[in-house]
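The values are calculated or read from the model by the stated rules, or taken from the named source; none is laboratory data. For clarity, every value in this text was computed on a predicted model and none was experimentally measured. Counting neighbours? That spans all protein chains shown, and the Cβs are built from the backbone with ideal geometry, glycine included.
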Amino acid sequence: MGSPLKHCALRLGDNALILGQRLSEWCGHAPALEEDIALANIALDLIGQTQLWLGLAGQLEGCKQTADELAFHREVYDFHNLLLVEQPNRDFGHTMMRQYLFDAFHFLHLKALQTSGDQRVGDIATKAIKEVTYHLERSGETVITLGDGTEESRFRMQSALERLWPFVGEMLSDDEVDHAIADANIGPLPSQLKNDYLQIIEPVLRQATLSTPEGSFAQKGGKSGEMHSEHLGHLLAQMQYLQRAYPDACW
């Protein structure tokens with residue numbers, strides 16, 4: 001296992017990168033112009049955060065890799081993003097439910113990281129949380145609007161919640177790397193965020209007239225890099241195509 005700091009930066013950077021890439025798929029295809037612009041802007045926010053986190057990871061342990069090199073030249077199982085963020089968009093409701101479930105965790109994680117024992121982590125978290133606060137507010141409002149909307153929109157949102165809920169557990173569970181990060185005073189254990197996470201999402205889901213799924217089964221393996229869904233491979237094939245076809249191309 002590499003340094004806890006590098007693992008922390010890679011996980012945060014990969015989450016932002018993969019979700020940003022997913023959201024960018026809506027560009028020109030969203031159900032309304034306002035949503036199209038908003039999703040594109042959120043994607044850009046996340047890609048900007050990726051640059052900071054992967055830029056930090058690339059300078060650790062004598063690695064000297066750029067953020068672009070880490071983004072475009074790694075294979076599927078070298079990525080350490082949560083399984084949740086690599087799930088396909090499916091429809092607009094599914095996209096917004098995925099976004100909200102991640103935003104609530106992302107906000108709490110960054111809030112805790114602001115007081116990290118590593119100043120570089122704290123500085124990036126302080127910058128990123130300003131954007132993520134808006135992301136959380138907007139995705140929560142959209143979940144309420146769609147959940148408490150028409151019969152069709154509510155059905156789609158409830159279906160999305162049930163489909164995505166098994167991926168929530170990975171965000172809030174601890175593994176060996178999480179313990180190493182916490183022991184090094186870099187960041188919190190994800191399990192320590194669980195109560196606050198539920199306090200954020202449960203009132204919103206109630207307002208949206210949605211039922212929180214029962215059961216504690218959790219799909220895991222993404223943040224450890226041990227297991228990813230087939231969806232990540234397809235995403236990377238598109239995202240990395242140009243750099244793979246024309247290495248070190250520039251314009």
- Message: I need a count of the residues in the range 160-180 that are surrounded by fewer than 19 Cβ atoms within 10 Å (Cβ to Cβ) and touching a residue at least 12 places away in the same chain (Cβ under 8 Å).
- Response: 10
- Item | Qualifying residues in the range 33-86 (those that are within 20 Å of Lys223 (Cα to Cα) and not in a helix (DSSP H, G or I)) - the one farthest from the chain's Cα centre (by Cα) | His73
- Message: Could you tell me how many of the residues in the range 227-251 are under 16 Å from Ala71 (Cα atoms), surrounded by 11 or more Cβ atoms within 10 Å (Cβ to Cβ) and aliphatic (A, V, I, L, M)?
- Response: 6
- Task: Can you give me the number of residues within the range 107-130 that are surrounded by 15 or more Cβ atoms within 10 Å (Cβ to Cβ), free of Cβ contacts under 8 Å to residues at least 60 places away in the same chain and either in a loop (DSSP other than H, G, I, E, B) or aliphatic (A, V, I, L, M) (or both)?
- Result: 4
- Task: Among the numbered conditions (1) surrounded by 12 or more Cβ atoms within 10 Å (Cβ to Cβ); (2) outside any loop (DSSP other than H, G, I, E, B); (3) not aliphatic (A, V, I, L, M), tell me where Gln199 comes up short.
- Result: (1)
- Item | Single residue of Ser211, Ser216, Ser191, Ser224 found to be among the hydroxyl-bearing types (Ser, Thr, Tyr) and surrounded by 15 or more Cβ atoms within 10 Å (Cβ to Cβ) | Ser224
- Item | Qualifying position, being surrounded by fewer than 23 Cβ atoms within 10 Å (Cβ to Cβ), of a type in the set (S, T, N, Q), in a helix (DSSP H, G or I) and modelled with pLDDT of 95 or more, among Thr95, Thr133 | Thr133
- the range 142-154, residues that are assigned to a helix (DSSP H, G or I) and surrounded by fewer than 15 Cβ atoms within 10 Å (Cβ to Cβ): Thr145, Glu151, Glu152
- Would you please name the residue that is surrounded by the fewest Cβ atoms within 10 Å (Cβ to Cβ), looking only at residues in the range 1-26 that are modelled with pLDDT of 95 or more and in a loop (DSSP other than H, G, I, E, B)? Glu25
- Take the range 27-45 and flag every residue that is surrounded by 19 or more Cβ atoms within 10 Å (Cβ to Cβ) and without any contact (Cβ under 8 Å) to a residue 60 or more places away in the chain. Leu39, Ala43
